[in-house]
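Below: one structure, written as structure tokens.
Computed from the coordinates by the stated procedures, all read-outs in this text should not be read as laboratory data. For clarity, every value in this text was computed on a predicted model and none was experimentally measured. Note: ideal-geometry Cβ built from the backbone for every residue, glycine included; neighbour counts use all protein chains shown.
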Amino acid sequence: MLIVHVFVRVKPDCVDAFIAASLENARWSIQEPGIARFDVIQQADDPTRFVLVEVYRDANAPARHKETAHYAQWRDAVADLMAEPRSSVKYANRFPDDVGWG
């Protein structure tokens, strides 16, 4: 498993548009065979900050995800909504192990 946290800060007047685009992307993303989980979380004390928690079944799944039409649509839709470039951190799952996911 590969877990990616994507950190996003959006412009204050773009929060609702970002949420709508991200939820649509998440709905399609969880249907991909290489994705075990896809969360869109919003920071409680700063509603302009989000983390996309993407749990991939294998190391090749992120590349396959980025080839989908829904990812391209999301990427283009949110580009002008962001207050700064998004960043990400990759993690390896240690517990629980792969058993029981997805």
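Structure summary
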| item | result |
| --- | --- |
| Residue among 72, 42, 61 farthest towards the positive dipole end of the range 2-91, charges placed on Cβ | 61 |
| Interchain or long-range residues, amide H under 5 Å from residue 11's placed H | 82, 83 |
| Linear extension gain, residue 95 paired with residue 77, 0.36 nm per residue minus alpha-carbon span | 3.0 nm |
| Debye, to nearest 20: dipole size of the range 33-100, +1 on Lys, Arg Cβ, -1 on Asp, Glu Cβ | 200 |
| In degrees, nearest ten, helix 15-29 long axis to first principal axis of the chain (Cα) | 20 |
| Degrees between helix 69-78 axis and first principal axis of the chain (Cα, 0 to 90, nearest 10) | 30 |
| Principal axis dimensions, the chain - Cα atoms, whole angstrom, descending | 41, 30, 19 |
